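Below: the structure, in structure tokens.
The values are calculated or read from the model by the stated rules, or taken from the named source; none is laboratory data. Because the structure is a prediction, the values reported are computed rather than measured. Cβ placement follows ideal geometry from the backbone for every residue including glycine, while neighbour counts extend to all protein chains displayed.
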Amino acid sequence: MPTTRSPSTLNIQQTESHRLPSTLNRQLTTDNSYWEGLGFTMRILYVTPYVPSPIRVRPYNFIKSLAKRHSVTLVSIVQSDIDHMALPEMHEVCDRVKTINVSAYESLLNAGKGLLTRMPMQAAYTYVPRLMNTVDQELEDRSYDVLHVEHVRAAHYAAHIDSLPKIYDSVDCITLLLRQMLDSKRNPFSWLLTLEEWAKMRVYEGVISQQFSKVITTSETDREALEDLIWRRINKRLRTIEDGLKKKDNDATNVEEWRVTRWLIEMAQEHRLNSLMSGGSQVTVVPNGVDFERFQPMDGEPDPDTIVFSGKMSYYANACAVKQFYERVYPLVKAKKPKVKFRIVGYNPPANIRKLAADPSVTVTGYVDDIRPYIASSSVAVCPISVGVGIQNKVLEAMAMGKPVVCASIARRAIKATHGKELLCADSPEEIADAVINVLDRPELRKSLGENAVKFVRRNHNWDDMAVKLEEVYHQASDIFRRQRPAAA
């Protein structure tokens, strides 16, 4: 385990030409020009269960933005071809990259072992002691200001570390996603597996989140769900303590000891909760952004009557949405628009999605080097998900390219775009079909939705702006870490 180093406000490196103002200890700013002008650099250890890439947009873009101003070391698992292809760019962007090769067989074996433990399969899938040792060794060998961990699949690599401020990017509330999946599963065996995973995850997410100074997520809905899990664990622990004190109170000879113990526990708990909540909440929303250099309107007319769905197709919510759209919505559209075409663009589609390509009007691409031409050449993008958490990157990317989007309410929830102005929102098969047909039939509607969508995304979802919000969370985590040190000692 790494040795404990003396904490600083955020161990900010100073150039020889600048001195750190004393007031900065309590009033750290996240303005880009300020940081760049003074030359201050944070040393960030960034841990992920996969190599960041354009497919794993959140860590990929966070690291690219942070690396413009700070020193970033990446520690990551390498498993798939996508991981290997993404490594060269990470070596260019990051100061250091440390990787551990893990086979799919090893991960599946770990997930199977997880069935016999309290650890959810999602976490057990990437429980690799070699990577935990790598993180520990990195902290032994070098000094870092903040430790950033991505996803529940990597949280266990840092839960035991207490030598520096730690941030856990949950991305989504997985417990909330699993609860939605329980309502959509039809296969009894799959439903039982999901039930077990949900029962474990609702405890695990609350417990693991409390091991970090700050937690971030992509949407307000996920923030509320995670806060509920965290407070549920705190309240349960308080009830356990209270029950023990009540039993001790029955022994008259221990009344004074009971009073002192209760006072100490209440003081410690109050100190801890004040520290946790000093940033306003332990969980902070930092939404996803869009890479505007890549995703922007492209020249050329779209293919008439062409619908596109883009996204990682191995993700259950995406595969479920595509299947339901094809079975329930697409026939309604086709009845009015016989020449309509449906493109399904995304990595690793399951067998039931690949089978849809038997329909001549349907294209299933699988992995593509660049999804932009498929989006640009389509007339409308759809996101009819019925199961989902977090923020839908597919919606943001299509909007940034000036495409009219028809999405479900659950997909719009985290984006806050206006229905009828920046996108169209519909939920029932009939409503979705009507919205799609309306867009296909009205060029002026396609134009206005697309133009407004571009303005909205550029105004609200810039990755550099999101990185500034993340830097602010780093400073809050440092403050919480300093407040908690006396209690920990």
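Hey, among the residues in the stretch 378-427 that are of a type in the set (Ser, Thr, Tyr) and at pLDDT 95 or above, which one's surrounded by the fewest Cβ atoms within 10 Å (Cβ to Cβ)? Top of the filtered list is 379. For the stretch 235-243, check the following and say yes or no: at least one residue is under 17 Å from residue 123 (Cα atoms), at pLDDT below 90 and either outside the structural domain of residue 115 (by TED's automatic domain parsing) or in a helix (DSSP H, G or I) (or both). Checking the stretch 235-243: not a single residue is under 17 Å from residue 123 (Cα atoms), at pLDDT below 90 and either outside the structural domain of residue 115 (by TED's automatic domain parsing) or in a helix (DSSP H, G or I) (or both).
Restricting the stretch 97-112 to residues that are surrounded by 13 or more Cβ atoms within 10 Å (Cβ to Cβ) and free of Cβ contacts under 8 Å to residues at least 24 places away in the same chain, which is farthest from residue 66 (Cα to Cα)? The qualifying residue farthest from residue 66 (Cα to Cα) is 109. Checked against (1) part of a loop (DSSP other than H, G, I, E, B); (2) at pLDDT 95 or above; (3) not aromatic (Phe, Trp, Tyr), residue 432 meets all criteria but (1). Note on the stretch 435-479: among residues that are under 27 Å from residue 306 (Cβ atoms) and of a type in the set (D, E, K, R), the one that is surrounded by the most Cβ atoms within 10 Å (Cβ to Cβ) is 446.
Condition check ((1) assigned to a loop (DSSP other than H, G, I, E, B); (2) within 26 Å of residue 130 (Cα to Cα); (3) polar (S, T, N, Q); (4) at pLDDT 90 or above) across all residues:
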{"position": "161", "(1), (2), (3), (4)": "yes, yes, no, yes"}
{"position": "167", "(1), (2), (3), (4)": "no, yes, no, yes"}
{"position": "180", "(1), (2), (3), (4)": "no, no, yes, no"}
{"position": "183", "(1), (2), (3), (4)": "no, no, no, no"}
{"position": "191", "(1), (2), (3), (4)": "no, no, no, no"}
{"position": "207", "(1), (2), (3), (4)": "no, yes, no, no"}
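In the stretch 337-361, what count of residues is obtained for those that are more than 14 Å from residue 304 (Cα to Cα) and outside any loop (DSSP other than H, G, I, E, B)? Matching residues across the stretch 337-361 total 10. If the requirement is being buried (at least 19 other Cβ atoms within 10 Å of the Cβ), of a type outside the set (S, T, N, Q), within 14 Å of the chain's Cα centre (by Cα) and part of a loop (DSSP other than H, G, I, E, B), which of these qualifies: 52, 59? Of 52, 59, the one residue that is buried (at least 19 other Cβ atoms within 10 Å of the Cβ), of a type outside the set (S, T, N, Q), within 14 Å of the chain's Cα centre (by Cα) and part of a loop (DSSP other than H, G, I, E, B) is 52. Would you mind stating whether residue 312 is in contact (Cβ under 8 Å) with a residue 60 or more places away in the chain, out of contact with any strand residue (DSSP E or B) (no Cβ under 9 Å at 6 or more places or on another chain) and not assigned by TED's automatic domain parsing to the domain that holds residue 172? In short, yes. The set of residues in the stretch 381-410 that are under 17 Å from residue 58 (Cα atoms) and in a helix (DSSP H, G or I) comprises 393, 394, 395, 396, 397, 398, 400.
For the stretch 130-159, the candidate set comprises residues that are touching a residue at least 60 places away in the same chain (Cβ under 8 Å) and in a loop (DSSP other than H, G, I, E, B); within that set, the residue that is farthest from residue 227 (Cα to Cα) is 142. Taken over the stretch 197-235, the criterion of being polar (S, T, N, Q) and free of Cβ contacts under 8 Å to residues at least 12 places away in the same chain is satisfied by 235 alone. Here the stretch 85-118 is the region considered, the condition is being among the acidic types (Asp, Glu) and in a helix (DSSP H, G or I), and the residue that is modelled with the lowest pLDDT is 106. Condition check for residue 433 on (1) in contact (Cβ under 8 Å) with a residue 12 or more places away in the chain; (2) over 23 Å from the mean Cα position of the chain (by Cα); (3) closer than 22 Å to residue 297 by Cβ: one failure, at (3).
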